[in-house]
Amino acid sequence: ALASRLSRLQAVSNRLQVVTAASGVLVIDDTFNANPASARAALALLSSLAVSGRRVVVTPGMIELGSLQYGENLALAQQVLAHGAELVVVGRTNAVPLSIGAERRAMRVDTRDEAVTWVRSNLA
């Protein structure tokens, strides 16, 4: 009975969902309440997928981490590079630690809409 009910559970939207955009770009959507553990899981998933093109992480960084926020975002950017991905930073809130962690190789855009435009222009 329990197994039957578990098999009917649906994934929660925006939590480590892998979707293919109309352009063919593979997207890992982990936008709901990102935290250090979920970010590491998303990067591990990104590294495990067989893709022929670029790997790009688009993020505003993690928020609501108190005194850990700067360091966690710095570490996130370092992990992005370690996984062989490029980084696009959305907004200003975590731009400094993300940029420093990415060795100043991160692209930065101001808004989510600009990030979507960048992805469509550069990855489609």
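A few comments on the model shown:
- Per-residue 3J(HN,Hα) values for segment 15-22, derived from phi via the Karplus relation 6.51 cos²θ - 1.76 cosθ + 1.60 with θ = phi - 60°, read 10, 6, 8, 9, 10, 10, 6, 4 Hz in sequence order (x marks Gly and Pro).
- Estimated dipole of segment 19-107 in Debye, rounded to 20 [Cβ of Lys and Arg +1, of Asp and Glu -1, Cα centre]: 240
- Peptides 64-74, 19-29 ranked from most to least packed by the mean count of surrounding Cβ atoms within 10 Å: 64-74, 19-29.
- Charge dipole of the chain about the Cα centre (unit charges at C-beta), most positive-ward option of P36, L16, A82: L16
- With the simple spin-label model, which puts each label point 7 Å out from Cα in the Cβ direction, the S38 to L2 separation comes to 2.6 nm.
- Cα gyration tensor shape for segment 22-92, rounded if a/c is under 1.5, else prolate or oblate: prolate
- For the peptides 75-81, 50-56, 99-105, residues were scored by their other Cβ atoms within 10 Å and the scores averaged per peptide; the highest-first order is 75-81, 99-105, 50-56.
- DSSP-defined beta bridges in the chain - what % are antiparallel, rounded to 5: 35
- Efficiency of FRET from Cβ geometry, I100 and Q17, R₀ 41 Å, rounded to 0.05: 0.90
- In range of the label at T93: residues from segment 25-39 whose backbone nitrogen is under 17 Å from the point 7 Å along Cα→Cβ: 30-39
Each value in this text was obtained by applying a stated rule to the coordinates, not by laboratory testing. Note that this is a predicted model, so its numbers are computed, not measured. No Cβ is skipped: glycine too gets one built from the backbone with ideal geometry, and neighbour counts run over all protein chains shown.
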